[in-house]
Amino acid sequence: MKPYVYITRKLPEEIIKPLQQKYEVNMWEHEDIPVPKDILLLEAKKADALLTVLSDSIDERILTAGKNLKVVANLAVGFDNIDLKAASRGGIAVCNTPDVLTDTTADLTFGLLMATARRIVEAAEFVKEGKWESWSPLLLAGQDIHHKTIGIVGMGNIGETVAKRATGFDMNILYHNRSRKPEVEQRLGLAYASFDELVKKSDFIVCLTPLTAETKNMFTREVFKKMKKSAIFINASRGPVVDEQALYEALVAGEIVGAGLDVFEKEPINAGHPLLKLTNVVALPHIGSSSIETRVAMMQLCIDNIEAIIAGKEPKTLVNKDWMPLVKA
Ligand code: GLV
């Protein structure tokens, strides 16, 4: 019997063709509707491999149901949607898609910073809505980016690549991370700062940290209060790192100038959410890595990982390093 691969979102036919030649492949038929949990559970029971997306909760129930399951390949660098311990206990390899999305995500993060600082979205809407009647000295005047201080929270590959972008804008660059990165500090001219110091000194606070028990709700009202009144907060990591109510209150109280958000506590964010009513918020639908080239590369990396695990080889990008394969059907 051919190994069975279940894909939780509709992917382009040409991407999955090579898989179909070797395995039995089934795919949830919608591109923009998540697979219901009961269907995912039934599929996990049969599958040798799951190709998942970040909005699928791959919890203990799904993983223990997967009696034949050998690999979960997640189409994201983040893996907070997967219970890693349960996966390792079940001999299931968890793979993600780092590296291939680093530049693309850094581009979007810096673009979001620029859009928020220079009010680009607001200005574009202003023109399209026919509100532009004359040139005026302070029309949609925003904040400068060049020569300002950027504080990057989370100095992984994406953080480092955003820092590289910031050097081109002659920015002063601070970072905070669990561990210091002396080589990166030297190469890019970064200065390490405590979280408190970074928050107080930065003009742009850019959050790129993964979601873990330690980073959950890291940005509280107290933290926003410490920021400069002219500060702009950017989040391109995971929504739950921020207390959204606190962010809303800080924006309304004028404690910071604006926010650029690619991620939210609950995704998709409800269109009636108070944050979306604020003109100084630029909101995007979690598109950090969304260029055609990069998304295709991410899909291919998931497929490579699935093929490797099924063939008994080392996967390219294993997350649960304590994984040991179990003998399964
Ligand atoms: C996107 O947020 C990712 O983790 O790749």
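The values are calculated or read from the model by the stated rules, or taken from the named source; none is laboratory data. If you're wondering where the values come from, they're calculated on a predicted model, not measured in any experiment. When we count neighbours, we look across all protein chains shown, and the Cβ atoms used for this are built from the backbone with ideal geometry, even at glycine. Calculation scope for accessible area: heavy atoms of the full protein, side chains included, ligands and nucleic acids excluded. Shrake-Rupley method; radii C 1.70, N 1.55, O 1.52, S 1.80 Å.
Looking only at region 122-136, filter to residues that are assigned to a helix (DSSP H, G or I) and open to solvent by less than 60 Å² (accessible area, probe 1.4 Å); which one of those is farthest from CYS207 (Cα to Cα)?
In the first step, residues of region 122-136 are kept if they are assigned to a helix (DSSP H, G or I); the result is 122-128.
Filter once more, keeping what is open to solvent by less than 60 Å² (accessible area, probe 1.4 Å): 122-124, 126.
Details: GLU122: 22, ALA123: 25, ALA124: 26, PHE126: 29 Å.
Once the filter is applied, the top-ranked residue is PHE126.
Within region 180-276, which helices (runs of 4 or more DSSP H) (wholly inside it) include 3 or more residues that are assigned by TED's automatic domain parsing to the domain that holds LEU84, more than 20 Å from PHE110 (Cα to Cα) and at pLDDT 95 or above? Give the steps one after another, and end with the answer.
Working: elements: 182-188, 195-201, 221-226, 244-252.
The helices (runs of 4 or more DSSP H) meeting that bar number zero.
Quick one: what pairs do we get from region 224-236, first residue closer than 7 Å to GLU255 by Cα, second aliphatic (A, V, I, L, M) and within 16 Å of the ligand (Cβ to nearest atom), C-beta under 7 Å, 6+ apart or different chains?
Close Cβ pairs satisfying both conditions: none exist.
Could you tell me whether ASN217 is open to solvent by 40 Å² or more (accessible area, probe 1.4 Å), more than 16 Å from the ligand (Cβ to nearest atom) and at positive phi? Break it down stepwise before answering.
Working: open to solvent by 40 Å² or more (accessible area, probe 1.4 Å): yes; more than 16 Å from the ligand (Cβ to nearest atom): yes; at positive phi: yes.
When the stated conditions are applied, ASN217 passes them.
So, in region 66-117, of the ones that are among the small types (Gly, Ala, Ser) and open to solvent by 10 Å² or more (accessible area, probe 1.4 Å), which residue ends up farthest from the ligand (Cβ to nearest atom)? Full working, then the answer.
First pass over region 66-117, keeping only residues among the small types (Gly, Ala, Ser): 66, 73, 76, 78, 86-88, 90-91, 93, 106, 111, 115, 117.
Pick out the ones that are also open to solvent by 10 Å² or more (accessible area, probe 1.4 Å) and you get 78, 88, 90, 111, 115.
On the way: GLY78: 3, SER88: 20, GLY90: 23, GLY111: 15, ALA115: 18 Å.
My answer is GLY90.
Quick check: anything in region 143-160 away from the ligand (no atom under 16 Å from the Cβ) and in contact (Cβ under 8 Å) with a residue 60 or more places away in the chain?
Within region 143-160, one or more residues are away from the ligand (no atom under 16 Å from the Cβ) and in contact (Cβ under 8 Å) with a residue 60 or more places away in the chain.
Do you know which residues across region 1-33 are part of a helix (DSSP H, G or I), farther than 30 Å from PHE264 by Cβ and open to solvent by less than 70 Å² (accessible area, probe 1.4 Å)?
Going through region 1-33, the residues part of a helix (DSSP H, G or I) turn out to be 13-22.
Going one step further and asking which of them are farther than 30 Å from PHE264 by Cβ, we end up with 13-14, 17-22.
Result: PRO18, LEU19.
Let's see how each residue does on (1) within 17 Å of LEU101 (Cα to Cα); (2) touching a residue at least 12 places away in the same chain (Cβ under 8 Å):
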| residue | (1), (2) |
| --- | --- |
| GLY258 | no, yes |
| VAL263 | yes, yes |
| GLU267 | no, yes |
| SER291 | yes, yes |
| LYS313 | no, no |
| ASN320 | no, yes |
